[in-house]
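Shown next, in C-alpha cells, is the structure this report addresses.
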Amino acid sequence: MIEPGAIIGIVGGGQLGRMLSIAAAQLGYKCHIFDPHEHPVAADVAAHFTRAAFDDVEALQRFGEHCAVVTYEFENLPVASLSVLGAKLRPGTRSLKVAQDRAEEKAFIEASGAQVAPWRSVVSLADVQAAVEALGCPLVLKTRRYGYDGKGQAWVRSPEEAASAWKAIGAQPAVAEAGIRFVAEFSIILVRGSDGTAIRFDAPENEHEGGILRRSTVPASAAVQAQAEAAAAMAVGIAEALDHVGVLTVEFFASADGPIVNEIAPRVHNSGHWSIEGAATSQFEQHIRACVGLPLGSTRLRAPQVTMQNLIGDDVLAWRELVSEKGAAVHLYGKGTPRPGRKMGHVTRLHD
C-alpha cells in the first residue's frame, strides 16, 4: 500500500488525467503529469509536470524515478518506451498492447471467452473484398491502430463500396467487422485491485452521435440490465486474462444473441464520468485506489437515476446557462477554443 503524500505519475495530460489528479489530491496524493504538449489541461491541477515526447525513454526513466507508481490516461502510447517504467506501471503494458491493436484485441477477447461480432483482418483491397464475401454487408472497416470516437472507420453497405471504404481509411491495416443488429449500447466499468478483487459500477446505457458518446444513463434500460451480469462476467474474464490493475472499461452491444463486445479501454472512460457525482466512489478515485493498493470503494448509486451529457464543440458555449441550472454538476476541461467533435466538458444530473 502506497501511503498518502506519495507522487502518482500520469502519462497523458488530457481531461482524464485532469480528473484522475483531482481524485488523487482528495486522497492526499500528488500527481506528476508526463505529456508532450506545452499546456496540457491535467497540468493545471497537478503538482508536477514534465514536458517530453511519449517515446523519450530517458525522460520517462527520470519521471518514473520521481513517482511511487505510474498510470496512463489513454492507450495510444509506445509500449516499448513505457516498458522502462517496469512494475511501477499500473495497468501494465500487456493491457496497453492488447488495446492498441483492434485485431489483437478481438482475438484476445475471443480467447478470454467473450463474444465479438464476426470479423476478419484485412491488409489489402483484395482482403476487404474477401471479407465482404465471407461476412456479407453491411460491414465496417476499422483501422487496427489510432482509432477513437468514430475516427478511422468506414462502412461498406454494398460490395461496390469496398474500394471507396478502403480508400477512406487510408488503405491501412484494419479489421472488417460484420454489422450487427442491437437494441442498445452499454459499458461495463470494472475496477480490479492488485490482489485480484474486482468490482463494477451499474452498467450505463450509452447514446452516440457521429461516433462520439453523447449521453450515458444509469440505471440502463431493461434490455441492457437483462444482459449486464453476463457482460460483467465477460469483463472479469478479460481483466483476469490481462492481469489488469485499475479501471477497465468494456463496451458492449445488447443484442438478440446476448452481449457482444465492441472494444475495451484499459483506463477510466467517458461513459463513467457520471460516477463523480452519481456513485459513492467515482471511477477516478477507484482507479487511484487500485493503483496505490488502497481498498476499493463502494459503487452504490447516489440517486435513483443519473445522466451524463457530454459538451462537444460549441455545446460548451452554453456554460452560463448550465452553471445556473439547479442540481447540474458542470465540468469544464479548460481546453480553450471549441472545435467540432472536441470534448470540452460534461454535465451530470441526479434525478429523484
Check: What FRET efficiency would be calculated for the residue pair residue 134, residue 339, taking the C-beta separation as r and a Förster radius of 45 Å, to the nearest 0.05?
Finding: 0.70
Check: Taking 0.36 nm per residue of separation and subtracting the Cα-Cα distance, what length does fully extending residue 2 through residue 44 add?
Finding: 12.7 nm
Next item on the list: Determine, for each peptide in 19-31, 330-342, the mean count of other beta carbons within 10 angstrom over its residues, then list the peptides with the highest first.
Entry: 19-31, 330-342
Next item on the list: Only helices at least 18 Å long along their axis, Cα-based, and averaging -0.5 or more on Kyte-Doolittle count here, so list those DSSP H runs from the chain.
Entry: 222-242
Notebook entry, point to check: For region 99-245, what Kirkwood radius comes out of the mean inverse Cα-Cα distance, in Å?
Noted result: 16.7
Check: Tell me, what is the Rg over Rh of region 118-178, with Rh the Kirkwood radius over Cα pairs?
Finding: 0.91
Notebook entry, point to check: Which net charge results when you count Lys and Arg as +1 and Asp and Glu as -1 among the other residues whose beta-carbon is under 15 Å from that of residue 129?
Noted result: -1
Next item on the list: With a point put 7 Å past each Cα toward its Cβ, work out how far residue 51 is from residue 214 in nm, to one decimal.
Entry: 3.8
Checklist line | Size of charge dipole - region 265-337 - debye, nearest 20, with Cβ of Lys, Arg +1 and Asp, Glu -1, no other charges | finding: 260
Check: Fewest first, what order do 49, 63 take by the number of other Cβ atoms within 10 Å?
Finding: 49, 63
Check: Using a simple spin-label model with points 7 Å from Cα along the Cα→Cβ vector, what separation in nm is obtained for residue 332 and residue 171?
Finding: 4.6
Checklist line | Cα gyration tensor shape of region 148-209, rounded if a/c is under 1.5, else prolate or oblate by comparing a/b with b/c | finding: prolate
Item checked: Around residue 333: net Lys/Arg minus Asp/Glu count, Cβ-Cβ under 11 Å -> +3
Margin query: Suppose every Lys and Arg Cβ carries +1 and every Asp and Glu Cβ carries -1, with no other charges. What dipole size does region 7-89 come out with about its Cα centre, to the nearest 20 debye?
Written below: 280
Checklist line | Evaluated at q = 0.18, 0.19 Å⁻¹: base-10 log I(q)/I(0), Debye formula over Cα of region 184-351 | finding: -1.14, -1.23
Next item on the list: Using a cut-off of 14 Å between beta-carbons, work out the net charge of the residues near residue 160 (Lys and Arg +1, Asp and Glu -1, residue 160 not included).
Entry: 0
Check: Order of 291, 67 from fewest to most other C-beta atoms within 10 Å?
Finding: 67, 291
Check: Say we join alpha carbon atoms closer than 10 Å with springs in a Gaussian network model of the chain; which of 324, 271, 298 then has the biggest fluctuation?
Finding: 324
Notebook entry, point to check: How high is the relative contact order of the chain, given as a whole-number percent (alpha carbon pairs under 8 Å, six or more residues apart)?
Noted result: 14
Next item on the list: Go ahead and estimate [θ] at 222 nm for the chain from helices alone: -39,500 (n - 2.57) per DSSP H run with n ≥ 4, summed, over the residue count, rounded to 500.
Entry: -8500 deg cm²/dmol
Note to self: I need the semi-axes of the equivalent ellipsoid of the chain: take the C-alpha gyration tensor, multiply each eigenvalue by 5, square-root it, list largest first in whole angstrom.
What the structure shows: 31, 24, 21
Check: Which shape class applies to region 217-307: rounded if a/c is under 1.5, otherwise prolate when a/b exceeds b/c and oblate if not, where a ≥ b ≥ c are the square roots of the Cα gyration tensor eigenvalues?
Finding: oblate
Next item on the list: Pull up all non-local amide H partners of residue 122: gap of 5 or more, or a different chain, and H-to-H distance under 5 Å with H placed in the peptide plane.
Entry: 174, 175, 176
Margin query: For residue 47, what residues show an amide H to amide H distance below 5 Å, using hydrogens built from the backbone and excluding near sequence neighbours?
Written below: 31
Checklist line | Length gained when the stretch residue 104-residue 58 is fully extended (0.36 nm per residue, less Cα-Cα span) | finding: 13.7 nm
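Computed from the coordinates by the stated procedures, all read-outs in this text should not be read as laboratory data. Keep in mind that this is a model prediction, so the values were computed, not measured. Don't worry about glycine lacking a Cβ; one is built from the backbone with ideal geometry, like all the others, and counts go over all protein chains shown.
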